[in-house]
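Here is the structure we will look at.
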Amino acid sequence: MVRSPAHFKGSQLPACLLCSVIPLTTIMNMLCRVGQIRRCAASLSQAQVVASRQKHTLPDLTYDYGALEPHISAEIMQLHHSKHHATYVNNLNVTEEKYQEALAKGDVTTQVALQPALKFNGGGHINHTIFWTNLSPNGGGEPQGELMEAIKRDFGSLQKMKEKMSAATIAVQGSGWGWLGYDKENGRLRIAACANQDPLQGTTGLIPLLGIDVWEHAYYLQYKNVRPDYVKAIWNVINWENVSERLQTAKK
């Protein structure tokens with residue numbers, strides 16, 4: 001029995017019969033349009049990923065700018081937090097947007113070129129976010145419990161740890177950070193120094209517990225070029241509870 005073209009529905013039409021019903025040029029145009037639609041959908045999806053990416057924000061402080069005085073002035077804290085840290089956050093967002101665009105385009109050259117900016121601004125955001133929580137108007141004194149035991153085990157005493165970390169921090173050439181970190185592989189506390197805004201974990205593998213910022217914007221308005229005085233003073237506002245919490249998290 002011979003069936004008419006109307007007997008078949010959509011894609012059920014045999015290829016030879018489909019060609020006899022619809023001109024070949026029409027079929028080719030339809031296929032081209034399908035391809036264009038798919039490419040547009042892919043581009044839209046990539047654009048949506050870039051647009052929907054959650055941007056980084058400046059974290060709020062849990063204390064007033066003047067709460068750490070006389071050890072760190074309110075003027076320094078305000079400039080440090082609302083200007084310097086905010087700049088790292090803004091630049092990180094801009095850089096990440098450019099990176100996502102390059103990634104969507106498969107532009108490897110631009111991706112590589114953006115790496116230093118990602119490291120610098122991303123590190124600045126990571127480091128300062130830790131730094132603010134490491135400080136407290138109720139800080140100072142001595143750590144308790146497991147943190148204190150670990151300090152005594154790895155450094156002999158709290159005083160020796162403070163001396164060793166202070167020396168490493170003061171010795172940073174130019175700008176950078178002094179860190180107390182956790183070596184998860186060996187289960188030990190370690191002291192390290194990082195240049196510029198290099199993030200501790202991303203560059204050394206150590207998990208950051210306590211950081212001291214020795215960029216000049218962190219102390220110059222109050223301590224001028226006498227970095228040792230600033231480092232000595234900052235121990236009076238160290239939030240040991242926060243450091244202890246970070247140790248517990250790092251050990252999990």
* Considering every residue within segment 122-137, establish whether at least one is open to solvent by 60 Å² or more (accessible area, probe 1.4 Å) and in a helix (DSSP H, G or I). => yes
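Among the residues of segment 162-184, write down those that are part of a helix (DSSP H, G or I) and in contact (Cβ under 8 Å) with a residue 12 or more places away in the chain.
Keep residues of segment 162-184 that are part of a helix (DSSP H, G or I), which gives 162-170.
Result: K162, K164, M165, S166, A168, T169, I170.
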* Being under 20 Å from H217 (Cβ atoms), in contact with a Cys (Cβ under 6 Å, 6 or more places away or on another chain) and open to solvent by less than 60 Å² (accessible area, probe 1.4 Å), is that true of even one residue in segment 174-189? -> yes
* **Which numbered condition Q201 misses (of (1) open to solvent by 10 Å² or more (accessible area, probe 1.4 Å); (2) within 30 Å of K83 (Cβ to Cβ); (3) touching a residue at least 24 places away in the same chain (Cβ under 8 Å))** => (3)
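Mind telling me which of the residues A117, A113, A67 ends up being farther than 25 Å from V237 by Cα and either touching a residue at least 60 places away in the same chain (Cβ under 8 Å) or surrounded by fewer than 14 Cβ atoms within 10 Å (Cβ to Cβ) (or both)? Outline the logic, then answer.
Details: A117 fails: either touching a residue at least 60 places away in the same chain (Cβ under 8 Å) or surrounded by fewer than 14 Cβ atoms within 10 Å (Cβ to Cβ) (or both); A67 fails: farther than 25 Å from V237 by Cα.
Answer to the check: A113.
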* Six or more apart or on different chains, Cβ under 6 Å: which pairs go from a residue in segment 127-141 that's among the small types (G, A, S) to one that's part of a loop (DSSP other than H, G, I, E, B) and modelled with pLDDT of 95 or more? Could you list them? => S136/N239; G139/N239
* Asked: Is there a residue being basic (K, R) and touching a residue at least 24 places away in the same chain (Cβ under 8 Å) anywhere in segment 52-62?
  -> yes
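So, Q100, is that one modelled with pLDDT under 95 and either part of a helix (DSSP H, G or I) or open to solvent by 50 Å² or more (accessible area, probe 1.4 Å) (or both) or not? I'd like the intermediate steps shown before the answer.
Values: modelled with pLDDT under 95: no; either part of a helix (DSSP H, G or I) or open to solvent by 50 Å² or more (accessible area, probe 1.4 Å) (or both): yes.
Considered against the rule, which asks whether it is modelled with pLDDT under 95 and either part of a helix (DSSP H, G or I) or open to solvent by 50 Å² or more (accessible area, probe 1.4 Å) (or both), Q100 comes out as no.
How about segment 208-252: which of its residues are of a type in the set (A, V, I, L, M) and in contact with a helix residue (DSSP H, G or I) (Cβ under 8 Å, 6 or more places away or on another chain)? Give the steps one after another, and end with the answer.
Just the residues of segment 208-252 that are of a type in the set (A, V, I, L, M), to begin with: 209-210, 212, 214, 218, 221, 226, 231, 233-234, 237-238, 243, 247, 250.
Passing the criteria: L209, L210, I212, V214, A218, L221, V231, A233, V237, I238, V243, L247.
The values are calculated or read from the model by the stated rules, or taken from the named source; none is laboratory data. Everything numeric in this text was worked out from a predicted model, so none of it was measured. Note: ideal-geometry Cβ built from the backbone for every residue, glycine included; neighbour counts use all protein chains shown. For accessibility, only protein heavy atoms count, side chains too; no ligands or nucleic acids. Shrake-Rupley method; radii C 1.70, N 1.55, O 1.52, S 1.80 Å.
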